[in-house]
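Chemist: Please find one structure pasted underneath; my questions will follow.
The values are calculated or read from the model by the stated rules, or taken from the named source; none is laboratory data. Model, not experiment: these values are computed from the prediction. Cβ coordinates were reconstructed from backbone atoms using ideal geometry, including for glycine residues, and neighbour counts include every protein chain displayed.
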Amino acid sequence: MNPESHTRRTTKIEWSETVWNPVVGCEKITSGCKNCYAESMHRRHLGNPKQPKYIKPFSEVVTWPDELLTPFQWKDKRKVFVCSMSDLFNKDVPIDFIQEVFKVMNNTPHQYQILTKRSRRMMELAPSLNWTPNIWAGVSVEDHKNAIRINHLRLIPASVRFISFEPLIGDVGAVNLKNIHWAIIGGESGHAKKSLRPMKKDWVTSLRDQCAEQGVAMFFKQWGHADFNPDSDDPTIPSKGHTKDDGGKYSKGGYHIDGIVYREYPDAPNHYPDQELRDELYALEEKISQSVKGFTDSWITIGESLSIIKDRIEKLGSGKLYWQTYLGVDSFQDYCRTRLQLSRETATQMRQAFLLMQTLKPELLDEGREIVPSWTKLRTLSPYQEKLVQNPEKYAEVVEHAFDETPRSDFEREVRQKFQKKRPKSRAKKQAIPEYEDALNAGDWDRYLGLVKRDLYPNIIPPNDEVLDTIIEQLRSLLLAKES
Ligand code: SF4
C-alpha cells in the first residue's frame, strides 16, 4: 500500500487529481444518490452559455464525443476520475460510446478511476472492453443493501478494484473483500446540515478493521460534517471560514479516526513512463547505433540491447500502451522496423544469437566479449538454440570448435549433422529400387552404376566427385570381371 505521492490536483476529490467527463447527466437509482454531488454541481452551471455541457437538464444523459480528445492533450500524467458528472455505465450510455472511452484510456498513459453504481452493467459489458492496467474499476456501496455490487466488481479484470463506501449512510456489516485492493470511506457532505445523513463511528471502525484484517488499502476521506466527527478536537476539522485544512485537502468535518490518518493507496503497477527508464532505453539505442558502426560484434551487442528493451517494456504489461508511451511505436516489431530499420527476421536472429550466448556461455558476455568468435559462426547455432539447451553434451562438442580455428564451413556441417533431424527416405529413392533391379537383371552395369552415382553423390557432404568417381570406376571393373 502506498502513501499518497501526487501533489498536482485540479479536482476537490481527494483521491484523484483530475476529472474527465465525456458523459454528463444521470438519474437517481438508490438512496446513496439522494444528495448527488454531480447533480448539485450541474445545477450551478445549468443554462450557463459558457458551459454548453450543462445546457440540458441533469436527468438527460448526454455523451460528448469531443471530450474524447482531452486526455491526449494532457502533457503530464494524471490520476483521472472518469465521469464525475455521470455514471459511465448508465443504461443510456451506448456500448459503442463506452468502448470509445476505453480506447482513449487504452492509448494514453494516465491512470483512470471508474466508479459506478451500475455494477451489473459494468460486469456484463466487461468482456467487450479492453481493461489495460491503467484502468481501475470501482463500485459505490453506501450500506448493507448494496453490498451485492462488490460481487459484480470482483469479476472485473481490472488491475485495481476499489470500493467507495461514500456516502456511508448505514452499517455495511461483515464484508468479503477478497480480490479487492482499495476501500475509500467517507461521510455525506456538501449540503445543508439538515439534509445530511450522519455517519456513525462504529460503521467506520468496523470497515477499518476489516480492511486491516483482509489486507486492503484504506483511504478515510472525511466525517462529512464537524458535528458527525466523534472527536471534536480533531485538528483536521477546518476552522470556521476555511474550506481547506493545512494539508491542502478539502475534507469536510475532519479525517482523523482516533487521532490517526488513514490515507493509503493500493499497490498498482506503475503505468507512468519514468525518466530513468526512458534514459536507459535511449542509452541502449545509442549502443545499437555505435555497434552498427563498429560491426565486429554488432550481432551480439544489438541482440543484447534489443532483448533488454523488449524485456523492460514487456515487464510493465502487455499491449500497445507501453510501446506508444515509451517509444512512440505500436509493438516491438514496429519498433525494430520504424526506429531501427531492422527487418523482423534480422532483429529476431540478433536476439537469438544473444540469448544463445547468454544461456550457454554467460562469461563471454562480460569481460571475455572480445573472444566471441565471428558472429557468422554463431548465427549457425541460432536455429538450434532449443536443441543445444536440451543437449549440453552435444553443445559442448560443437561449441569448442566455434572458438578455435575450425573453418566456418566445417563448423556449420558439424552443427547440421548433430542437430538436424534425419530426413525420411525420399520417395524418389524408394521408387528407384525397381530401376536398380531392372539394371541388375539386364546385366546393364553402366546403367546400374549411373543410378548409384545419381543417388549417392547428393547425399555425401560435401560431394567429392573425384573420390566417388574412382570408387565407381573400381566397382565397374569388379562387376565386369565377375561377369566375364
Ligand atoms: S449514480 Fe452517481 S451520478 Fe448518478 S445520480 Fe446517483 S450519485 Fe448521482
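Chemist: Scan the stretch 35-75 residue by residue and report those that are closer than 19 Å to THR18 by Cα, within 16 Å of the ligand (Cβ to nearest atom) and among the charged types (D, E, K, R).
Modeler: Of everything in the stretch 35-75, those that are closer than 19 Å to THR18 by Cα, within 16 Å of the ligand (Cβ to nearest atom) and among the charged types (D, E, K, R) turn out to be GLU39, LYS53.
Chemist: Right, here's the next one. How about the stretch 192-211: which of its residues are modelled with pLDDT of 95 or more and among the aliphatic types (A, V, I, L, M)?
Modeler: Across the stretch 192-211, the qualifying residues are MET199, VAL204, LEU207.
Chemist: Could you run through the stretch 76-100 and say how many residues are closer than 24 Å to ASN151 by Cβ and within 16 Å of the ligand (Cβ to nearest atom)?
Modeler: Qualifying residue count for the region: 11.
To keep it simple, each residue is scored yes or no on (1) surrounded by fewer than 14 Cβ atoms within 10 Å (Cβ to Cβ); (2) modelled with pLDDT of 75 or more; (3) of a type outside the set (Gly, Ala, Ser).
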site	(1), (2), (3)
ARG312	no, yes, yes
LYS320	no, no, yes
THR325	no, no, yes
SER343	yes, yes, no
ALA347	no, yes, no
LEU360	no, no, yes
GLY368	yes, no, no
SER382	no, no, no
GLU386	yes, no, yes
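Chemist: Residues to consider are GLY294, GLY259; find the one that is surrounded by fewer than 13 Cβ atoms within 10 Å (Cβ to Cβ), among the small types (Gly, Ala, Ser) and modelled with pLDDT of 80 or more.
Modeler: GLY259
Chemist: Can you find even one residue in the stretch 177-190 that is more than 27 Å from the chain's Cα centre (by Cα) and away from the ligand (no atom under 16 Å from the Cβ)?
Modeler: yes
Chemist: So which residues in the stretch 160-188 are within 16 Å of SER16 (Cβ to Cβ) and among the small types (Gly, Ala, Ser)?
Modeler: Matches in the stretch 160-188: SER164, ALA183, GLY186.
Chemist: What's the total number of residues in the stretch 65-94 that are within 24 Å of the chain's Cα centre (by Cα) and surrounded by fewer than 14 Cβ atoms within 10 Å (Cβ to Cβ)?
Modeler: Summing the residues that are within 24 Å of the chain's Cα centre (by Cα) and surrounded by fewer than 14 Cβ atoms within 10 Å (Cβ to Cβ) in the stretch 65-94 gives 5.
Chemist: State the number of residues belonging to the stretch 11-34 that are more than 20 Å from PHE97 (Cα to Cα) and near the ligand (Cβ under 9 Å from one of its atoms).
Modeler: Number satisfying all stated conditions: 6.
Chemist: Residues in the stretch 108-117: is at least one touching a residue at least 24 places away in the same chain (Cβ under 8 Å) and surrounded by fewer than 21 Cβ atoms within 10 Å (Cβ to Cβ)?
Modeler: Yes, the stretch 108-117 contains at least one residue that is touching a residue at least 24 places away in the same chain (Cβ under 8 Å) and surrounded by fewer than 21 Cβ atoms within 10 Å (Cβ to Cβ).
Chemist: Something else now. Name every residue in the stretch 167-193 that is within 17 Å of ASN35 (Cα to Cα), of a type outside the set (A, V, I, L, M) and without any contact (Cβ under 8 Å) to a residue 60 or more places away in the chain, in order of residue number.
Modeler: Hits for the stretch 167-193 are GLY170, GLY186, LYS193.
Chemist: Here is a follow-up. Looking only at the stretch 125-141, count every residue that is within 16 Å of the ligand (Cβ to nearest atom) and surrounded by fewer than 24 Cβ atoms within 10 Å (Cβ to Cβ) and tell me the total.
Modeler: 1
Chemist: When both residues are 6+ apart or on different chains and their Cβ atoms are under 9 Å apart, which pairs have a first residue that lies in the stretch 224-253 and is assigned by TED's automatic domain parsing to the domain that holds GLY190 and closer than 20 Å to LYS194 by Cα, and a second that is polar (S, T, N, Q) and modelled with pLDDT under 55?
Modeler: LYS252/THR243
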